[in-house]
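Participant: Please see the structure below; I have some questions.
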Amino acid sequence: MSNESLANLLREERRFEPPAQLAADANVTAEAYERAKADRLGFWAEQARRLSWSTEPTETLDWSNPPFAKWFKDGRLNVAYNCVDRHVEAGHGDRVAIHFEGEPGDSRSITYAELRREVAKAANALLELGVRAGDRVAVYMPMIPETVVAMLACARIGAPHSVVFGGFSADALATRVRDADARVVITSDGGYRKGGASALKPAVDEALSRPGTENVRNVVVVRRTGQDVDWTEGRDLWWHDLVERQSEEHTPEAFEAEHPLFILYTSGTTGKPKGILHTSGGYLTQVSYTHHAVFDLKPDTDVFWCTADVGWVTGHSYIVYGPLSNGATQVLYEGTPDSPHKGRWWEVVEKYKVTIFYTAPTAIRAAMKWGDDIPAKFDLSSLRLLGSVGEPINPEAWIWYRQHIGAGRTPVVDTWWQTETGGIMISPLPGVTATKPGSAQVPLPGISATVVDDEAREVPDGAGGYLVLTEPWPSMLRTIWGDDQRYLDTYWSRFENRYFAGDGAKKDDDGDIWLLGRVDDVMLVSGHNISTTEVESALVAHPAVAEAAVVGAADPQTTQAICAFVILRGAAAEELEEGGLVDELRAHVAKQLGPIAKPKRILPVAELPKTRSGKIMRRLLRDVAENRELGDVTTLTDSSVMSLIQQKLPSAG
Ligand code: WT7
């Protein structure tokens, strides 16, 4: 990072102290940092005791064969029992676990007692199909309660699930079924998205016609939309036929803490997707603790809503395992934020009086673009805490979120973590930390993270480098499914004894951590490292810009040249036609970050290419900027976006 631009970014001086009442009642106070620092393993052993174990662990961490960790290895527990039954046994059976809201507006609320019965029946159903502890079950579902029930039923019988995002293609599903050697697939006829019924079952049929998927014995199909489905006799079963007739009693078996809980695939930069393996005791300890600490959840009064899809790790950790292990009441929403109208999410917040809301920067920026007047039409006064996850949140988006969703009153917690980390790692604590817009700030109690340079030396405050995790943590991935070598190569070979996260980061003068995007999102311009995130934040801070994506394009003079794709706010687009605006934006970035960060080209576009998890696919924009043929577009939400962008090109300048 050039010193100039670094100094500029770190000039963000807005600070927001925790509200006094929230601080006074907070689940976790500053003292937790001290305790964890004095005795990190003791601290995690204490957090493990928030769970119910059938055999309490006596050993916290076995790190005798690094980086293959064993946490709580002599302990035994059942994850589903911890998420469901124990709350019923503690007298909370009548508490709502899930307020389900379908996209078309159908809704149902499920108590913990009902959830216990549903999970027991589904567990019995899987057993009837011959699924045994250790067998993998693929789950390819929309966002409906049966998805949560299916995951918990797998956990209950010790069958690791592999949830495949419902927006993925038959190809992606086939690859994942094959890699995990799944025995059963749980799916539905379809789900409601963007105002219509979208089918899932045909993709399962197609995936299972591919070689390498022959070990799938059964496909269990939930009826959600009533769409017609093809049927393979002997293989396919309706969920309502199979599950409804099962007994509501099922005695949970205790599994070893290191028993595999799930595999979740994350895309690698090259080659086939990586099956990230998470296990039981350590994973549940950390997602449960972090949900309690970062969201300050009060199970009797809070209504939690994480808008992620369960196909992503955010859904695993902060819809299923974190909130349910803490006995939370939460909202599960099936659809998209703009169906049938752009205020749909805020309508849901109003309807269920949501108190804690967790979403991604991409959604926040979309809401900003749609206009302040939309959330203003709804009563959002129940909200007391907001969270962000998935990519760096630009300071302007952070401020907008706090102002227009949080009424200028709620803390915003920017939580950094990954599929691989399993749970939140770096985040403010809402009752403790004075927050800074745009920074994830500090490792949570019990977590050790820092920023290092190319030679693995810790950088001083005020400098940038690579984010690393310096001590093992309970919810860390245990390996890549079936590929220990790739686990070593990807995460543990860049720096010795350090987990390499793949993210650029820097420390400000207070030692707080700022995430700068993936390492390959750092540009090299005339010998200066400049992060794409930083230039994007500067652009979005201009009133004419709603969204921005920045890439470095090969350039004979400067190694790379900064190329920015921007979505303009309504009126600004017209101004642009009259000239002027592009120059103004370049000057604006130069003023904010220094002349070196001034984009060489700025291209106004209508949409940006994004993955279904909301990450901008800079790789494709680089292809455009370098006039190359486009690479793989199959993980885009909408592949027509790229042709629209390419049409714009001739006039670029
Ligand atoms: C990558 C992990 C964590 C669940 C969703 C994504 C980026 C995540 C933040 C944040 C800046 C963030 C990183 C990370 N990321 N959260 N708060 N600030 N960047 O999980 O798909 O495994 O992606 O998302 O680049 O490495 P994932």
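The values are calculated or read from the model by the stated rules, or taken from the named source; none is laboratory data. Model, not experiment: these values are computed from the prediction. All Cβ positions, even for glycine, are placed from backbone atoms using ideal geometry, and neighbour counts span all protein chains on display.
Participant: What about VAL633, is it farther than 25 Å from ALA544 by Cα and either surrounded by fewer than 21 Cβ atoms within 10 Å (Cβ to Cβ) or among the charged types (D, E, K, R) (or both)? Can you show your working first?
Facilitator: Details: farther than 25 Å from ALA544 by Cα: yes; either surrounded by fewer than 21 Cβ atoms within 10 Å (Cβ to Cβ) or among the charged types (D, E, K, R) (or both): yes.
Yes.
Participant: Tally time: how many residues in the range 294-322 are small (Gly, Ala, Ser) and surrounded by fewer than 24 Cβ atoms within 10 Å (Cβ to Cβ)?
Facilitator: From the range 294-322, those small (Gly, Ala, Ser) are 308, 311, 315, 317, 322; that's our starting set.
Still in the list and also surrounded by fewer than 24 Cβ atoms within 10 Å (Cβ to Cβ): 308, 315.
Of the residues in the range 294-322, 2 are small (Gly, Ala, Ser) and surrounded by fewer than 24 Cβ atoms within 10 Å (Cβ to Cβ).
Participant: Now for a separate question. If you scan the range 375-389, which residues turn out to be under 16 Å from THR290 (Cα atoms) and out of contact with any Leu (no Cβ under 9 Å at 6 or more places or on another chain)? Spell out how you get there, then give the answer.
Facilitator: As a first pass, look at the range 375-389 and keep what is under 16 Å from THR290 (Cα atoms): 385-389.
Passing the criteria: LEU386, GLY387, SER388, VAL389.
Participant: Taking ASP309 as meeting all but one of (1) within 16 Å of the ligand (Cβ to nearest atom); (2) touching a strand residue (DSSP E or B) at 6+ places or on another chain (Cβ under 8 Å); (3) among the charged types (D, E, K, R), write down the number of the exception.
Facilitator: Of the numbered conditions (1) within 16 Å of the ligand (Cβ to nearest atom); (2) touching a strand residue (DSSP E or B) at 6+ places or on another chain (Cβ under 8 Å); (3) among the charged types (D, E, K, R), the odd one out for ASP309 is (2).
Participant: OK, next. Within 22 Å of the chain's Cα centre (by Cα) and more than 16 Å from the ligand (Cβ to nearest atom): which single residue out of VAL641, VAL633 fits that description? Step through it out loud before you land on a result.
Facilitator: Values: VAL641 fails: within 22 Å of the chain's Cα centre (by Cα).
Step by step, each of VAL641, VAL633 is checked, and only VAL633 is within 22 Å of the chain's Cα centre (by Cα) and more than 16 Å from the ligand (Cβ to nearest atom).
Participant: Filter the range 263-292 down to the residues that are at pLDDT 95 or above and away from the ligand (no atom under 16 Å from the Cβ) and list them by number.
Facilitator: THR279, SER280, GLY281, GLY282, LEU284, THR285, SER288, TYR289, HIS292
Participant: Quick one: how many residues across the range 67-104 are within 27 Å of the chain's Cα centre (by Cα) and farther than 26 Å from THR301 by Cβ?
Facilitator: So the answer is 10.
Participant: Name every residue in the range 327-359 that is more than 22 Å from GLY191 (Cα to Cα) and within 16 Å of the ligand (Cβ to nearest atom), in order of residue number.
Facilitator: Across the range 327-359, the qualifying residues are PHE357, TYR358.
Participant: Test SER288 against the criterion of being out of contact with any Lys or Arg (no Cβ under 7 Å at 6 or more places or on another chain), among the polar types (S, T, N, Q) and surrounded by 24 or more Cβ atoms within 10 Å (Cβ to Cβ), and give yes or no. First the steps, then the outcome.
Facilitator: Values: out of contact with any Lys or Arg (no Cβ under 7 Å at 6 or more places or on another chain): no; among the polar types (S, T, N, Q): yes; surrounded by 24 or more Cβ atoms within 10 Å (Cβ to Cβ): yes.
Here the answer is no, as SER288 does not meet what is asked.
Participant: Go through the range 336-365 and give me each residue that's in contact with a helix residue (DSSP H, G or I) (Cβ under 9 Å, 6 or more places away or on another chain) and part of a strand (DSSP E or B).
Facilitator: Those that are in contact with a helix residue (DSSP H, G or I) (Cβ under 9 Å, 6 or more places away or on another chain) and part of a strand (DSSP E or B): PHE357, TYR358, THR359.
Participant: Check LEU332, LEU324 and return the single one that is over 14 Å from GLY387 (Cα atoms) and either assigned to a helix (DSSP H, G or I) or free of Cβ contacts under 8 Å to residues at least 24 places away in the same chain (or both).
Facilitator: Details: LEU332 fails: either assigned to a helix (DSSP H, G or I) or free of Cβ contacts under 8 Å to residues at least 24 places away in the same chain (or both).
The match here is LEU324.
Participant: Say we look at the range 360-391 and pick out the residues that are surrounded by 19 or more Cβ atoms within 10 Å (Cβ to Cβ) and polar (S, T, N, Q); which of these is nearest to the ligand (Cβ to nearest atom)?
Facilitator: Ranking the qualifying residues of the range 360-391, first place goes to SER388.
Participant: Starting from the range 345-370, keep only residues that are under 18 Å from ALA407 (Cβ atoms) and free of Cβ contacts under 8 Å to residues at least 12 places away in the same chain, then list their pairs with residues that are within 16 Å of the ligand (Cβ to nearest atom) and of a type outside the set (Gly, Ala, Ser) whose Cβ atoms are within a distance under 6 Å, requiring at least 6 positions of separation or different chains.
Facilitator: From residues that are under 18 Å from ALA407 (Cβ atoms) and free of Cβ contacts under 8 Å to residues at least 12 places away in the same chain, there are no pairs.
Participant: Here are some residues: ILE480, ILE562. Which one is buried (at least 24 other Cβ atoms within 10 Å of the Cβ), hydrophobic (A, V, I, L, M, F, W, C) and more than 30 Å from ALA48 (Cα to Cα)?
Facilitator: One residue alone meets the criteria, ILE562.
Participant: Turning to a different aspect of this structure: Looking for something touching a strand residue (DSSP E or B) at 6+ places or on another chain (Cβ under 9 Å) and over 28 Å from ALA90 (Cβ atoms) - is there at least one such residue anywhere in the range 281-302?
Facilitator: No: zero hits.
Participant: Residues that are outside the structural domain of GLU258 (by the TED database) and within 30 Å of VAL354 (Cβ to Cβ), at least 3 per element: which strands (runs of 3 or more DSSP E) completely within the range 63-152 meet that?
Facilitator: On the way: elements: 96-101, 107-111, 137-140.
Result: empty, no element qualifies.
Participant: Run down ALA397, ALA463 and say which single residue is more than 30 Å from GLY371 (Cβ to Cβ), of a type in the set (Gly, Ala, Ser) and either in contact with a helix residue (DSSP H, G or I) (Cβ under 8 Å, 6 or more places away or on another chain) or within 13 Å of the ligand (Cβ to nearest atom) (or both).
Facilitator: On the way: ALA397 fails: more than 30 Å from GLY371 (Cβ to Cβ).
Every option except ALA463 fails the conditions.
Participant: Considering the range 591-621 alone, what residues qualify as being within 20 Å of GLY527 (Cβ to Cβ) and either within 16 Å of the ligand (Cβ to nearest atom) or among the β-branched types (Val, Ile, Thr) (or both)?
Facilitator: ILE596
Participant: Name the strands (runs of 3 or more DSSP E) wholly within the range 466-545 that hold at least 1 residues that are in contact (Cβ under 8 Å) with a residue 40 or more places away in the chain and away from the ligand (no atom under 16 Å from the Cβ)?
Facilitator: Answer list for the range 466-545: 522-525, 528-531.
Participant: Which ones in the range 413-448 are of a type in the set (A, V, I, L, M) and away from the ligand (no atom under 13 Å from the Cβ)?
Facilitator: Taking the range 413-448 and keeping what is of a type in the set (A, V, I, L, M), we get 413, 424-426, 429, 432, 434, 440, 442, 444, 447.
Scanning the range 413-448 gives LEU429, VAL432, ALA434, ILE447.
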